[in-house]
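Asker: Sending over a structure as structure tokens; questions will come in a sec.
What follows draws every value from the coordinates through simple rules; no lab data is involved. These numbers were taken from a predicted model, which means no experiment stands behind them. Glycine gets a Cβ as well: all are built from the backbone with ideal geometry, and neighbour counts include every protein chain shown.
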Amino acid sequence: MQAFTYSANPAHIVFGAGSSKSVADEVRRLGGNRALVLCTPSQEENARLINAQLGELAGGVFSGAVMHTPLEITRQAIDVYERTGADCLVAFGGGSTIGLGKAVAHRTNAVQIAVATTYAGSEVTPILGETENGVKTTVRDASILPDAVFYDPELTVDLPVSTSVTSGLNAMAHAIEGLYARDRNPITTLMALEGVQSLKEALPIIADRPNNVDARSNALYGAWLCGNVLGSVGMALHHKLCHTLGGSFGLPHAETHAILLPHTTAYNARLAADVLAPAAKLFGDDLAGGLYDFAESIGAPLALKELGLAEANLDRAADLAMKNAYWNPRTLERGAIRGLLQCAWSGDRPG
Ligand code: NAD
């Protein structure tokens, strides 16, 4: 076994069907007196139910969360937080809402509770990505971690199948990159493998029967584990490419992860073969091809062109991917990365 250093992120997790009914207990346990519920516009109705359940602790709902945590929305939310006299935030939603909760708490020291309703994993990472004037910056600090996290599968049965499968593949991508991370350790490897296995079992059932609470539960369990991996070790080519395509070409987060995962896995497959072997076993030994077939079988998008990316942008995307040096199991080779992007753009099976 290779030597390792491991600092676990502190977490208070409340998991289970119906568990979100006890958000008020958690606000009290953490010393909060008034909680502002955050959500995206489309989740406002359910956020209002959470607000109602808070009873005397209810501080209202701010429903302006959007993707990529723009600073102007954070400022609006801080204004509402201060006007309502809140001292606690309940971020009810996926990565966009949880990002807003982190951004507000980072500036106000609010008590922060996340009720996760997608599989993106942000709720258990000390990472905050924000955008201002189209420029994305990322901060990593232990203080960014939410103080408590709820995983209630009943809140995820309405997550559309298309979002469920792409978000689930987004979670798997954290785990796959975690398996070959330079700073991996035996615990993150255990979490990554268990996370991938749970999502591999759950997503086909969800694609077929979206309101199956057992499968939703299994998927959230996998998402929690994969999110932990993202929050614990460094990511490589896959996450950097998704970051580039999202930031520079406006591509949607989960879909981009879902499409690129088989291709970035193929890029690294030979040099990370030993550490990827246990995951490869789950997908029929050829991990990259197996991930592609799996994504296809659950109806995930397979081609970047489906997301509206122009083929003419692939050269610039390859240049941007080479721009900032970062560690990856295989050296970054512009020609091979350009080839990877072409394959992902067309939606071809890797290899
Ligand atoms: P999202 O939060 O934008 O949600 C996608 C859509 O699904 C939204 O319209 C939302 O309203 C809807 N939705 C969410 N849960 C639902 C539910 N249960 N039922 C019905 N609709 C629901 O998408 P996401 O993929 O979860 O998050 C993406 C964002 O999170 C990106 O900005 C990404 O950069 C960030 N992120 C950050 C981290 C981190 O560690 N900092 C990790 C992962 C993702």
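Asker: Note the full-extension length gain between S22 and Q53 as 0.36 nm times their separation in residues minus their Cα-Cα distance, in nm to one decimal. It would help to have the intermediate numbers written out before the result.
Answerer: Working: separation 31, 0.36 × 31 = 11.16 nm, distance 0.85 nm.
Residue separation times 0.36 nm, minus the Cα-Cα distance, leaves 10.3 nm.
Asker: Based on DSSP H runs of at least 4 residues, each adding -39500 (n - 2.57), what is the mean residue ellipticity at 222 nm of the chain after dividing by all its residues, to the nearest 500 deg cm²/dmol?
Answerer: Taking each H run of at least 4 residues, the total per residue is -16500 deg cm²/dmol.
Asker: Beyond 28 Å, what share of the Cα-Cα pairs of the chain remains, rounded to the nearest whole percent?
Answerer: Working: 24539 of 61425 pairs.
Percent of Cα pairs beyond 28 Å in the chain: 40.
Asker: Near K323, which aspartates and glutamates are there with a Cα under 12 Å away, not counting those fewer than 8 places off in the same chain?
Answerer: Reachable aspartates and glutamates: E333.
Asker: Continuing with the same structure: Please give, to one decimal in nm, the separation of the simple spin-label points placed at I78 and R107, each 7 Å out from Cα toward the Cβ.
Answerer: Placing both labels 7 Å beyond Cα along the Cβ direction yields 0.3 nm.
Asker: If you don't mind, there's one more thing I want to ask. What are the aspartates and glutamates whose alpha-carbon lies under 20 Å from the alpha-carbon of K136, with same-chain residues fewer than 8 places away excluded?
Answerer: Here the aspartates and glutamates satisfying the reach criterion relative to K136 are E72, E123, E255, D319.
Asker: State whether the stretch 282-345 is rounded, prolate or oblate according to the following rule on the C-alpha gyration tensor (a ≥ b ≥ c being the square roots of its eigenvalues): a/c under 1.5 gives rounded; otherwise a/b larger than b/c gives prolate, and the remaining case gives oblate.
Answerer: oblate
Asker: Next up: Could you give the DSSP H helices of the chain that reach 20 angstrom or more along their long axis (alpha carbon positions) and whose average Kyte-Doolittle hydropathy is no lower than -0.5?
Answerer: Helices meeting the criterion: 161-179, 186-208, 213-232, 253-268.
Asker: Give me the three principal axis extents of the stretch 80-120 from the C-alpha atoms, as integers in angstrom, largest value leading.
Answerer: Principal extents (Cα only, largest first): 31, 15, 14 Å.
Asker: A further question follows. Could you work out the pair-distance distribution P(r) of the stretch 57-211 from its alpha-carbon pairs, with 5 angstrom bin width and percents rounded to whole numbers?
Answerer: Distribution as computed: 2, 9, 16, 20, 19, 16, 10, 6, 2, 0 percent.
Asker: Based on C-alpha coordinates, I'd like the Rg and Dmax of the stretch 161-346, in Å.
Answerer: Expressed in Å, the Cα Rg and Dmax of the stretch 161-346 come to 15.3, 45.
Asker: Hey, could you grab the Kirkwood Rh for the stretch 143-271? Inverse mean 1/r over distinct alpha carbon pairs, Å, one decimal. Provide the component values of the computation, followed by the final result.
Answerer: Numbers: mean 1/r = 0.0667 Å⁻¹.
For the stretch 143-271, inverting the mean 1/r across all distinct Cα pairs yields 15.0 Å.
Asker: Just to confirm my numbers, what's the Cα centroid distance between the stretch 260-312 and the stretch 95-113 in Å?
Answerer: Computed from Cα coordinates, the inter-centre distance equals 33 Å.
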